[in-house]
1. Is there a residue in the range 177-187 that is out of contact with any helix residue (DSSP H, G or I) (no Cβ under 9 Å at 6 or more places or on another chain), away from ligand 1 (no atom under 16 Å from the Cβ) and not in a loop (DSSP other than H, G, I, E, B)?
2. So for the range 301-319 (the condition being crowded, with 19+ Cβ neighbours inside 10 Å and modelled with pLDDT of 75 or more), does at least one residue qualify?
3. Out of the residues in the range 100-114 that are modelled with pLDDT of 95 or more and of a type outside the set (Gly, Ala, Ser), state the one that is nearest to ligand 2 (Cβ to nearest atom).
4. Does at least one position in the range 134-156 carry a residue that is acidic (Asp, Glu), within 11 Å of ligand 1 (Cβ to nearest atom) and in the same structural domain as Thr267 (by TED's automatic domain parsing)?
5. Could you identify the single residue in Lys222, Lys205 that is of a type in the set (Lys, Arg), within 19 Å of Pro161 (Cα to Cα) and in the same structural domain as Ser158 (by TED's automatic domain parsing)?
6. Would you mind finding the one in Gln33, Gln73, Gln48 that is modelled with pLDDT under 75, in a helix (DSSP H, G or I) and either away from ligand 1 (no atom under 16 Å from the Cβ) or assigned by TED's automatic domain parsing to the domain that holds Lys123 (or both)?
7. Name the helices (runs of 4 or more DSSP H) wholly within the range 348-450 that hold at least 2 residues that are surrounded by fewer than 17 Cβ atoms within 10 Å (Cβ to Cβ) and at pLDDT below 85?
8. Can you tell me how many residues in the range 16-30 are acidic (Asp, Glu) and assigned to a helix (DSSP H, G or I)?
Amino acid sequence: MSSLGEKLRTAMERLRTSSLDQTTIKETVKDLQRALIASDVSVSHVLQLSKKIEELAFREPSAGINRKEFVIQQTYELLVELLGGNPKPPQKPDKILLVGIQGSGKTTTAAKLAYYYQKRGQKTGLLCADAFRPAAFEQLSQLAKAHGIAFYGEKNNSNAPEIVQNGLIELEKQGCQTIVVDSAGRSALDADLVAEIKAISGMVKAAYTWLVIGADMGQIAKVQAQSFHESVGVNGIIITRMDGSAKGGGALSACASIESPVYFIGTGEKMQDLESFEATRYLSRIMGYGDLQGLMEKIHSIELNESQAAALTEGNFDLNLFYSQLKATRQMGPLNKVMEMMGLSAKLPPELLASGEEKLKGFGYLIDSMAPAERADPEIMSSSRIDRVAKGSGRKPEEVRELLKQFKNMKKIVKQFSSMDESKMEKEGMQGLLKNMGSLQRKRKKFKLR
Ligand SMILES: Nc1nc2c(ncn2[C@@H]2O[C@H](COP(=O)(O)OP(=O)(O)OP(=O)(O)O)[C@@H](O)[C@H]2O)c(=O)[nH]1
Ligand SMILES: [Mg+2]
């Protein structure tokens, strides 16, 4: 079965290539409905979305854009809205209480959040209000300790609200500006948990009570979100395990059903693996266009001078450029993450991804020892040239051969990129998407879904 992204893409593609008559609009809407429902978005939200699309498909667009552009752009916008828009997480949240069922990722996320705010200049503290699972105290205190974050917990006290009361006093005494409270999860939201979570919430009086949901939870996420919301008033959502194969359809449906924005997504087990959530970004990612926005930002953040940029597009990819790109890509972060954002991860040679700092340095020495003509056209590297370069740089001939091999691999990828000319991009709908994402940002017209 194809993924949510592929289905949405197919539906949008149909819209893009159609004549926008009544039949195609109806069929596209059906495609969208099927895609969303199969991904656990609730039927009522899907129906609201469909109704809006059908309405605006026959409306006269404002001057300057044609009807097709208008419908596509509005549909994207509705999808973005359905996914909760692009909310900005609070800068100085004071207190955050995390709730959620067992194993959803609360404790890990509590530590990630504390780390996130600490990195942004807040003195943060972690408070363990999980008196249910014996190992919870150790888990959170170790994470806190490893990252220099203040921690409070009481190992032998089973009265969670009391621990919270003591912890808030203690952490505030230590000057913590942001306190993240981790609560206990149970296998289901039973009466005990409800009573406890209410008592904790009453004690913390947090401005932010966030529900933690695993991306893999499916439609059950919605029911839970509603129960937690009724008990303690959830006003934000964090979706964890977005690095797995599940795309969080259920979690997104949950966020729509309690009208709470998704502030963050967890993308791994490490502290750094927390990203702020943006529906435009998420949508482009699941639809297989790669994370265009994220990539643009990253591309801008590295220095690529004009001749280098021209060389990249013309396919004049030589060793000088290879080396500078390799260095630049390392500055941008792990190459594979960058490539993944472009939807290219599968095509990159694993040896290249694994190139470490040492190897990169070695490549630098080798390239330095080459004649300008050799750098410009590595094809001319005969065995005698290889031996000379190896000797000149004090490295082994095998290293030269490896460099050449990796260069060749990379060149193939660059070629794929530069051969993606306008017609191909048009075919793949990339340009259309880019255009739409641009206009999305320009016109932030809101369509309320309820
Ligand atoms: N891959 C991945 N794993 C995650 C992520 N967030 C949490 N985990 C893992 O999910 C598992 C459960 O995480 P916890 O943080 O212990 O979950 P919890 O909600 O505190 O669990 P209880 O306290 O038992 O209710 C752990 O193995 C985490 O490492 C994520 O974003 N990505
Ligand atoms: Mg926990």
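The values are calculated or read from the model by the stated rules, or taken from the named source; none is laboratory data. All of these numbers come straight from a predicted model, not from anything done at the bench. Here the Cβ is made from the backbone with ideal geometry for all residues, glycine too, and neighbour counts use every protein chain on show.
1. no
2. Within the range 301-319, one or more residues are crowded, with 19+ Cβ neighbours inside 10 Å and modelled with pLDDT of 75 or more.
3. It comes out as Thr107.
4. At the first step, the residues of the range 134-156 found to be acidic (Asp, Glu) are 138, 154.
Next, only the ones that are within 11 Å of ligand 1 (Cβ to nearest atom) stay: none.
No, every residue in the range 134-156 fails to be acidic (Asp, Glu), within 11 Å of ligand 1 (Cβ to nearest atom) and in the same structural domain as Thr267 (by TED's automatic domain parsing).
5. Answer to the check: Lys205.
6. Details: Gln33 fails: modelled with pLDDT under 75; Gln48 fails: modelled with pLDDT under 75.
Answer to the selection: Gln73.
7. Where helices (runs of 4 or more DSSP H) fall fully within the range 348-450 and carry at least 2 residues being surrounded by fewer than 17 Cβ atoms within 10 Å (Cβ to Cβ) and at pLDDT below 85, they are 350-354, 357-368, 397-418, 422-427, 430-442.
8. The total comes to 1.
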